[in-house]
Every structure is written in structure tokens, then in C-alpha cells.
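These notes are about the structure you will find just below.
The values are calculated or read from the model by the stated rules, or taken from the named source; none is laboratory data. Fair warning: this is a prediction, and the values are worked out from it, not measured in the lab. When we count neighbours, we look across all protein chains shown, and the Cβ atoms used for this are built from the backbone with ideal geometry, even at glycine.
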Amino acid sequence: MTQATSALRILVATFAFNEGEKIKTTTQRILAATNHDVLVMDDGSTDGSIDAIRSLNVKILTSPVNVGIGAMMKRAFQYAIDQHYDVIVIMAGNNKDDPTQIPRLLEPIAAAGADFVQGSRHMAGGQHGGMPLYRRAATRLHPLLFSIAARKWVTESTNGFRAIRVEVLRDPRLNWRQEWLNQYELEPYVLFKTIRLGYKHVEVPVTKIYPSKSLGYTKMKPFSGWWSILKPVIYLGLGLRR
């Protein structure tokens, strides 16, 4: 941790819905890699996976029923605001992201005044593994469409590994509490609005390794899930939503 980073109150939030062993591994890796506070958002898991992490030094917020990743992320945002954190780091609970790369996300905020740091598997220095062909194509196409709509070139728009200055989330123009953002819509929405509102957005290279299919591959459905993540780009690009 750099001196500039140590001056910030940082929350690392990860998300789980029936992730089995993956959420335990993810949480243990985060705790081993950082000294930051850790928040686990349990979206109504019924597989007992959350019980395995209750003895760890983390805060757990649980929904009694499954409400969606966007809805749980909103609660994490509100928690970061209410608890007066300076930065919230978002990462997957299925062990795709590398917690040792969290400093890469934080350094541009601490040292260069960035407001939103997006981890990118596709820029120089980034890596990915285990992605099926259709996911590779989709994670290339989405940034292209996103860049056109947002009027700024990005290499990554679907990777949830990112760091956000909490002050940005207090901006009423960034209306992330809207009901239509309860699923996968929220992540591209916040990225899009941050850019269009003129906040300082940068990308840093990260690694994204998909777990073995035997561990449970993905919760995203091929058609409805990808429409959910594409919807904000279309709606905001055409001015249909704010």
C-alpha cells in the first residue's frame, strides 16, 4: 500500500449467490492480499456457502431472497456512503478476479485523482483465461458499442473489477437507485454515467480467469443476461433513460 492509498478509507465489496467454495476462496484471497475492510453481499444464498465465511474478518450483509446483482450492489454503494468510505472496490465473488491487483485499481485514485478506475482484461498487460468463444466475442463487442454511445474509447465495459470514489456515488445526477438497474444493468450504467458526467475515468490492466465449469460456471443467461448488460448502453445512448 502506498502512502497516498493509506490515507483513504477503502472498502472491498464482493458478491455471492450460491457460489459454493468459490466465495470462501475469494474472501480468503482478499484478506490475504489487503488490509482493507471487506464486505460480502449475500444475495439470498441457499447452499450454505456463506456459513463457511462467518468466522472470517468480514462484514456480511444478507438478503432473505435473491434480488439480483444490481440490487445488492446498490446496497453496497449505500453502505459505503453511510459508513463514510472514500473508495469502494468491486470484485466478483466467484474467484475470477485477482485481489493482489487491487492496488492497481487504487493507485490512479490515490496518486492521480481518478474517480473511476476500470480493470481491463483487454488492454495491454491484461489477461484472461477460461472464457468460452461466445463470451470472448461479447466482451469485445460490448466495449465497441459502449464507446460509440459514451463518446469515449474504452477497452473494457463488462468487467466488474473496478474502484469508484464514493463521492461520485453521492452525485444526484448519477441516479443509480432506479428500479430498472437491479440486475446486470447497474455496472455499465454507472460506468457510462461517470464518463458522460465528466468524471475522471481510467483503465488499468487486470487478470480475469474463469473458474472450472465443475465449480459452477456463470449465473448470466445467454440472452436475457446479455440484453440486461447491453440495455443501459442503448437506453442512455439514445436518451431514453437518465
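Would you confirm whether or not the stretch 132-145 contains a residue that is at pLDDT 95 or above, of a type in the set (A, V, I, L, M) and buried (at least 20 other Cβ atoms within 10 Å of the Cβ)?
No, there is no match, as no residue in the stretch 132-145 is at pLDDT 95 or above, of a type in the set (A, V, I, L, M) and buried (at least 20 other Cβ atoms within 10 Å of the Cβ).
I'd like to check something: does the stretch 35-46 contain any residue that is surrounded by fewer than 17 Cβ atoms within 10 Å (Cβ to Cβ), in contact with a Pro (Cβ under 8 Å, 6 or more places away or on another chain) and of a type outside the set (A, V, I, L, M, F, W, C)?
For the stretch 35-46, residues surrounded by fewer than 17 Cβ atoms within 10 Å (Cβ to Cβ), in contact with a Pro (Cβ under 8 Å, 6 or more places away or on another chain) and of a type outside the set (A, V, I, L, M, F, W, C): present.
Of the conditions (1) under 16 Å from the mean Cα position of the chain (by Cα); (2) in a strand (DSSP E or B), Thr26 satisfies every one except a single condition; which number is it?
(2)
State yes or no: is Arg54 more than 24 Å from Pro172 (Cα to Cα), at pLDDT 95 or above and more than 17 Å from the chain's Cα centre (by Cα)? Steps first, please.
Details: more than 24 Å from Pro172 (Cα to Cα): yes; at pLDDT 95 or above: yes; more than 17 Å from the chain's Cα centre (by Cα): yes.
Yes, satisfied.
With the condition being under 26 Å from Asn182 (Cβ atoms), I'd like the strands (runs of 3 or more DSSP E) fully within the stretch 42-149 carrying at least 3 qualifying residues. Outline the logic, then answer.
Details: elements: 59-62, 87-92, 116-120, 127-129.
In the stretch 42-149, 59-62, 87-92, 116-120 are the strands (runs of 3 or more DSSP E) which contain 3 or more residues that are under 26 Å from Asn182 (Cβ atoms).
Select from the stretch 177-187 the residues that are crowded, with 19+ Cβ neighbours inside 10 Å, in a loop (DSSP other than H, G, I, E, B) and not aromatic (Phe, Trp, Tyr) and list them in ascending order. If you could, list the steps in order and put the result at the bottom.
Keep residues of the stretch 177-187 that are crowded, with 19+ Cβ neighbours inside 10 Å, which gives 181, 183-187.
From the residues that got through so far, the ones that are in a loop (DSSP other than H, G, I, E, B) too are 183-185.
Residues satisfying the conditions are Gln183, Glu185.
Part of a helix (DSSP H, G or I), without any contact (Cβ under 8 Å) to a residue 60 or more places away in the chain and more than 21 Å from Ala92 (Cα to Cα): is that true of Leu174 in this structure?
no
Do we have any residue at all in the stretch 93-112 that's surrounded by 17 or more Cβ atoms within 10 Å (Cβ to Cβ), out of contact with any Lys or Arg (no Cβ under 7 Å at 6 or more places or on another chain), among the basic types (Lys, Arg) and at negative phi?
So far as the stretch 93-112 goes, yes, one or more of its residues are surrounded by 17 or more Cβ atoms within 10 Å (Cβ to Cβ), out of contact with any Lys or Arg (no Cβ under 7 Å at 6 or more places or on another chain), among the basic types (Lys, Arg) and at negative phi.
Any idea how many residues of the stretch 121-135 are touching a helix residue (DSSP H, G or I) at 6+ places or on another chain (Cβ under 9 Å) and within 13 Å of Glu156 (Cα to Cα)?
3
In the stretch 188-227, which residues are modelled with pLDDT under 70 and either polar (S, T, N, Q) or in contact with a His (Cβ under 7 Å, 6 or more places away or on another chain) (or both)?
Ser212, Ser214, Thr218
Being of a type outside the set (Gly, Ala, Ser), under 21 Å from Val38 (Cα atoms) and either surrounded by fewer than 19 Cβ atoms within 10 Å (Cβ to Cβ) or touching a residue at least 24 places away in the same chain (Cβ under 8 Å) (or both) narrows it down to one residue among Arg151, Arg162, Arg121; which is it? Even if it seems obvious, please write down each step before you answer.
Numbers: Arg151 fails: under 21 Å from Val38 (Cα atoms); Arg121 fails: under 21 Å from Val38 (Cα atoms).
None of the other options fit; the residue is Arg162.
Looking at Leu61, Leu11, Leu39, which is the one that is of a type outside the set (Val, Ile, Thr), in contact with a His (Cβ under 8 Å, 6 or more places away or on another chain) and closer than 24 Å to Pro188 by Cβ?
On the way: Leu61 fails: in contact with a His (Cβ under 8 Å, 6 or more places away or on another chain); Leu39 fails: in contact with a His (Cβ under 8 Å, 6 or more places away or on another chain).
Sole residue among the options that is of a type outside the set (Val, Ile, Thr), in contact with a His (Cβ under 8 Å, 6 or more places away or on another chain) and closer than 24 Å to Pro188 by Cβ: Leu11.
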